[in-house]
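For reference, the structure discussed in these notes is given below.
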Amino acid sequence: MAFRDFRLGVVDMLPLLIAFVPIGALWGALAAGKGLSPAEAGLMSAGVFAGASQFVAVELWHDPAPILLLAFTVFIVNVRHFLMSASLSRHMGAFPKGTRGIAVYFMCDEAWAMAERRALTQELTLAYYLGLALSAYFTWLFSSLAGAVFGAQFGDPAAYGIDFAFSAMFIAILAGFWKGPRTGAVLGASALAAALAKLFVPGVWYIVIGGLAGVAVAAALYEEEAVAA
Amino acid sequence: MSVDLHTALAILAMGLATYGTRLGGLYLLRFVNVRGRTRAALDALPPAILMAVIVPSVLTTGVAETVAAGITAVAAMLRLPMLVTIVVGVVSVVILRGVL
């Protein structure tokens with residue numbers, strides 16, 4: 001049962017894993033270009049495991065590494081994970097005691113989105129979640145190591161549209177959350193707030209700002225309905 | 001295969017900062033009574049975050065990405081399997097990048 005769920009998680013994640021490979025390799029090659037050894041690049045993929053923030057970190061990288069700047073920047077880029085793991089914690093009821101803290105260590109955007117998608121239709125099990133998260137973790141780790149050792153053998157992921165696979169996946173998952181006009185209002189608010197934040201707020205706060213705007217609208221609409229009823 | 005101590009410290013700091021965001025979220029709702037309006041608000045969190053991830057990236061990358069996102073959205077609304085939806089998105093962006 002547990003193994004079947006784990007395998008199902010890996011299989012559901014497979015299209016994304018394919019997209020992880022060239023992007024991980026590209027990151028590894030960029031890291032090597034900045035003077036990181038393969039071991040150091042692997043250590044970063046294993047210890048940070050957050051693609052967008054790793055690209056930003058490599059961009060900022062110089063020798064000696066600006067530790068505080070890197071840690072602070074990576075924190076800001078990953079602030080969205082507060083909201084993601086908070087949301088996911090509501091679906092971790094079936095996880096054995098003491099496993100949640102370890103489980104979220106391996107949570108990336110893609111595994112989070114797939115887990116939320118799963119929780120829409122059935123109970124999320126630890127095994128299924130680990131199938132998603134661990135397959136992503138090790139694919140990212142090994143492809144970034146390969147990139148650091150051999151260079152970006154796959155060339156530019158954009159040439160194959162691989163970079164767009166993540167957007168397409170998020171769009172596909174988003175459709176499953178549609179519950180009618182109220183979802184439309186939530187998404188509209190989120191889209192508008194995120195777009196404005198992207199234009200006017202430096203950094204990557206737009207994800208958090210858009211997410212909170214959507215939540216605010218959902219809360220407001222709930223009240224309206226309660227008053228009407 | 002060498003690891004510089006200073007580099008290792010930088011990676012450790014980055015790793016702790018990232019894990020902090022992931023772990024912190026688990027405690028965010030610990031004392032929140034998830035009912036009624038709070039529940040409705042939290043139910044909106046995943047789609048709202050997804051939307052906030054998607055929109056700026058597909059709007060600011062280029063016209064090809066924006067149009068491909070629209071095509072992908074149609075495929076998604078038709079409830080095509082996820083893999084098919086992703087392939088539709090990736091193929092359209094490759095074609096559109098070639099054309100536009």
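Which ones in the range A:20-59 are open to solvent by 40 Å² or more (accessible area, probe 1.4 Å) and assigned to a helix (DSSP H, G or I)?
Listed by number, the residues that qualify are A:Val21, A:Leu26, A:Leu30, A:Gly33, A:Leu43, A:Ala52, A:Phe55, A:Val56, A:Glu59.
Looking at (1) within 18 Å of the chain's Cα centre (by Cα); (2) surrounded by fewer than 16 Cβ atoms within 10 Å (Cβ to Cβ), can you tell me which one B:Glu65 breaks?
Condition not satisfied by B:Glu65: (2).
What is the residue count in the range A:60-97 for residues that are of a type in the set (Gly, Ala, Ser), in contact with a Lys or Arg (Cβ under 9 Å, 6 or more places away or on another chain) and more than 8 Å from chain B (Cβ to nearest Cβ)?
We begin by selecting, within the range A:60-97, every residue of a type in the set (Gly, Ala, Ser); these are A:65, A:71, A:85-87, A:89, A:93-94.
Now restrict to residues that are in contact with a Lys or Arg (Cβ under 9 Å, 6 or more places away or on another chain): A:85, A:89.
In the following step, the residues that additionally are more than 8 Å from chain B (Cβ to nearest Cβ) were identified as none.
Going through the range A:60-97 one residue at a time, the tally reaches 0.
Hey, any hits in the range B:28-51 for a residue that's open to solvent by 10 Å² or more (accessible area, probe 1.4 Å), free of Cβ contacts under 8 Å to residues at least 40 places away in the same chain, in a helix (DSSP H, G or I) and at positive phi?
For the range B:28-51, residues open to solvent by 10 Å² or more (accessible area, probe 1.4 Å), free of Cβ contacts under 8 Å to residues at least 40 places away in the same chain, in a helix (DSSP H, G or I) and at positive phi: present.
Buried (at least 24 other Cβ atoms within 10 Å of the Cβ) and in a helix (DSSP H, G or I): which single residue out of A:Leu8, A:Leu17, A:Leu83 fits that description?
Matching residue, one of A:Leu8, A:Leu17, A:Leu83: A:Leu83.
Go through the range A:165-191 and give me each residue that's closer than 21 Å to B:Thr66 by Cβ and either touching a Lys or Arg at 6+ places or on another chain (Cβ under 6 Å) or surrounded by fewer than 16 Cβ atoms within 10 Å (Cβ to Cβ) (or both).
A:Ile173, A:Trp178, A:Gly184, A:Gly188
Residues of the range A:203-224 being within 16 Å of the chain's Cα centre (by Cα), among the β-branched types (Val, Ile, Thr) and more than 16 Å from B:Leu59 (Cβ to Cβ), which ones?
If the condition is that a residue be within 16 Å of the chain's Cα centre (by Cα), among the β-branched types (Val, Ile, Thr) and more than 16 Å from B:Leu59 (Cβ to Cβ), then A:Val208 is the only one that fits.
A:Leu26 is checked against (1) more than 8 Å from chain B (Cβ to nearest Cβ); (2) within 22 Å of B:Arg22 (Cα to Cα); (3) touching a residue at least 40 places away in the same chain (Cβ under 8 Å) and fails just one. What number does that condition carry?
(2)
Just checking: which of the helices (runs of 4 or more DSSP H) contained wholly in the range A:89-158 hold 1 or more residues that are closer than 26 Å to B:Val91 by Cα?
In the range A:89-158, A:109-121, A:126-150 are the helices (runs of 4 or more DSSP H) which contain 1 or more residues that are closer than 26 Å to B:Val91 by Cα.
For the range B:1-22, how many residues meet the condition of being assigned to a helix (DSSP H, G or I) and either open to solvent by 50 Å² or more (accessible area, probe 1.4 Å) or assigned by TED's automatic domain parsing to the domain that holds B:Ala69 (or both)? Lay out the reasoning, then the answer.
Taking the range B:1-22 and keeping what is assigned to a helix (DSSP H, G or I), we get B:5-22.
Filter once more, keeping what is either open to solvent by 50 Å² or more (accessible area, probe 1.4 Å) or assigned by TED's automatic domain parsing to the domain that holds B:Ala69 (or both): B:5-6, B:9, B:12, B:16, B:19.
Matching residues across the range B:1-22 total 6.
The values are calculated or read from the model by the stated rules, or taken from the named source; none is laboratory data. All values derive from a computational prediction rather than experimental measurement. Neighbour counts run over all protein chains shown; Cβ positions are idealised from the backbone, glycine included. Ligands, DNA and RNA are stripped out before the accessible areas are found, and what is left, the full protein with its side chains, is counted by its heavy atoms. Shrake-Rupley method; radii C 1.70, N 1.55, O 1.52, S 1.80 Å.
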